[in-house]
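Inspection log for the structure reproduced underneath, given as structure tokens.
The values are calculated or read from the model by the stated rules, or taken from the named source; none is laboratory data. Not measured: the values here are computed from a predicted model. A quick note on method: Cβ atoms are made from the backbone with ideal geometry, for glycine too, and the neighbour counts reach across all protein chains shown.
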Amino acid sequence: MGRSSYEIQEQAFRAAAGLMELVSEDGEIVDEGLYDEWMASVDEVFAELGDKLCALRAVEERIGREADQLRLEAKRHMDRARQRDGQVERVRGYMMGLLLAHEKLDGEPKCATPDGSFIMVQRRKGIRVEVTDLRKVPGRYLVEVDPKVDKKAIKAEYESGDVIPGVCVSEPVTEFIRKGA
């Protein structure tokens, strides 16, 4: 069985660091024999790196396909759950209609069922506030909103060379994997 990704990575880093020991300050190779050994180890690392990356890409693609399949399945389940929620709401509507008819006939919001339980219309009184004219609402009822920074405008100013006080702008480098054919 091949070596782990970590082992290959470590050997690659050691090989890169080993080059510095084979070259003098003026860039000349110090020992041709050691350089040939180093080059052979680099070739070995390159071969293993390629094989490992190819295998890892296959694993990544398989896991990605599984994740896509699971997302599809989850979407199907969510669609079905929404459908069921709609059915529940329709059944509750039927129940409410029957309970309201019962209340109108009997005068009671509660209806006994044959299994010994009961179902009833329950009412809660609430207060709803609707603002019709915001300018007329007294200040003590208004809530201050914190200002938001327009980051797009700051980026544009930064790119044109301006410095914005109170803002620190950095240019991080994002690394990502690109696969080619």
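I'd like to check something: does region 78-85 contain any residue that is under 30 Å from Lys110 (Cβ atoms), assigned to a helix (DSSP H, G or I) and free of Cβ contacts under 8 Å to residues at least 40 places away in the same chain?
Going residue by residue through region 78-85, those that are under 30 Å from Lys110 (Cβ atoms) are 84-85.
If we keep only those that are assigned to a helix (DSSP H, G or I) as well, we get 84-85.
Remaining after also requiring free of Cβ contacts under 8 Å to residues at least 40 places away in the same chain: 84-85.
Checked against the condition, which is being under 30 Å from Lys110 (Cβ atoms), assigned to a helix (DSSP H, G or I) and free of Cβ contacts under 8 Å to residues at least 40 places away in the same chain, region 78-85 yields at least one hit.
Consider Tyr6 carefully, then state whether it is part of a helix (DSSP H, G or I) and either surrounded by 10 or more Cβ atoms within 10 Å (Cβ to Cβ) or in contact (Cβ under 8 Å) with a residue 40 or more places away in the chain (or both). It would help to see each step written out before you state the result.
Values: part of a helix (DSSP H, G or I): yes; either surrounded by 10 or more Cβ atoms within 10 Å (Cβ to Cβ) or in contact (Cβ under 8 Å) with a residue 40 or more places away in the chain (or both): no.
Taking the combined requirement at face value, the residue does not satisfy it.
Which one of these does Lys148 not meet: (1) modelled with pLDDT of 90 or more; (2) part of a helix (DSSP H, G or I)?
The one condition Lys148 does not meet is (2).
Conditions (1) closer than 27 Å to Gly180 by Cα; (2) touching a helix residue (DSSP H, G or I) at 6+ places or on another chain (Cβ under 8 Å); (3) of a type in the set (Phe, Trp, Tyr); (4) modelled with pLDDT under 90, marked per residue:
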site	(1), (2), (3), (4)
Asp26	no, no, no, yes
Asp31	no, yes, no, yes
Arg90	no, no, no, no
Gly97	no, no, no, no
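Applying the selection to region 11-29, what residues are surrounded by 13 or more Cβ atoms within 10 Å (Cβ to Cβ) and not hydrophobic (A, V, I, L, M, F, W, C)?
Gln11, Gly18
Six or more apart or on different chains, Cβ atoms under 9 Å: show the pairs whose first residue is in region 60-76 and within 25 Å of Arg178 (Cα to Cα) and free of Cβ contacts under 8 Å to residues at least 12 places away in the same chain and whose second is outside any helix (DSSP H, G or I) and among the aliphatic types (A, V, I, L, M).
From region 60-76, the pairs are Glu60/Ile177.
Of these, Glu108, Glu175, which one is exposed (fewer than 10 other Cβ atoms within 10 Å of the Cβ), modelled with pLDDT under 90 and on the phi < 0 side of the Ramachandran plot?
On the way: Glu108 fails: exposed (fewer than 10 other Cβ atoms within 10 Å of the Cβ).
So the residue among Glu108, Glu175 that is exposed (fewer than 10 other Cβ atoms within 10 Å of the Cβ), modelled with pLDDT under 90 and on the phi < 0 side of the Ramachandran plot is Glu175.
Could you tell me whether region 52-59 includes any residue that is free of Cβ contacts under 8 Å to residues at least 24 places away in the same chain, more than 30 Å from Met120 (Cβ to Cβ), surrounded by 10 or more Cβ atoms within 10 Å (Cβ to Cβ) and not hydrophobic (A, V, I, L, M, F, W, C)?
no
Return yes when Val131 is surrounded by fewer than 10 Cβ atoms within 10 Å (Cβ to Cβ), among the aliphatic types (A, V, I, L, M), farther than 30 Å from Ser5 by Cα and without any contact (Cβ under 8 Å) to a residue 40 or more places away in the chain and no when it is not.
Values: surrounded by fewer than 10 Cβ atoms within 10 Å (Cβ to Cβ): yes; among the aliphatic types (A, V, I, L, M): yes; farther than 30 Å from Ser5 by Cα: yes; without any contact (Cβ under 8 Å) to a residue 40 or more places away in the chain: yes.
Yes, satisfied.
So is Glu48 touching a helix residue (DSSP H, G or I) at 6+ places or on another chain (Cβ under 7 Å), among the acidic types (Asp, Glu), part of a helix (DSSP H, G or I) and closer than 30 Å to Gly2 by Cα or not?
yes
Among the residues of region 146-161, are any touching a residue at least 24 places away in the same chain (Cβ under 8 Å) and at negative phi? First the steps, then the outcome.
Quick first cut of region 146-161, residues touching a residue at least 24 places away in the same chain (Cβ under 8 Å) only: none.
Looking for residues that are touching a residue at least 24 places away in the same chain (Cβ under 8 Å) and at negative phi, one finds none in region 146-161, hence no.
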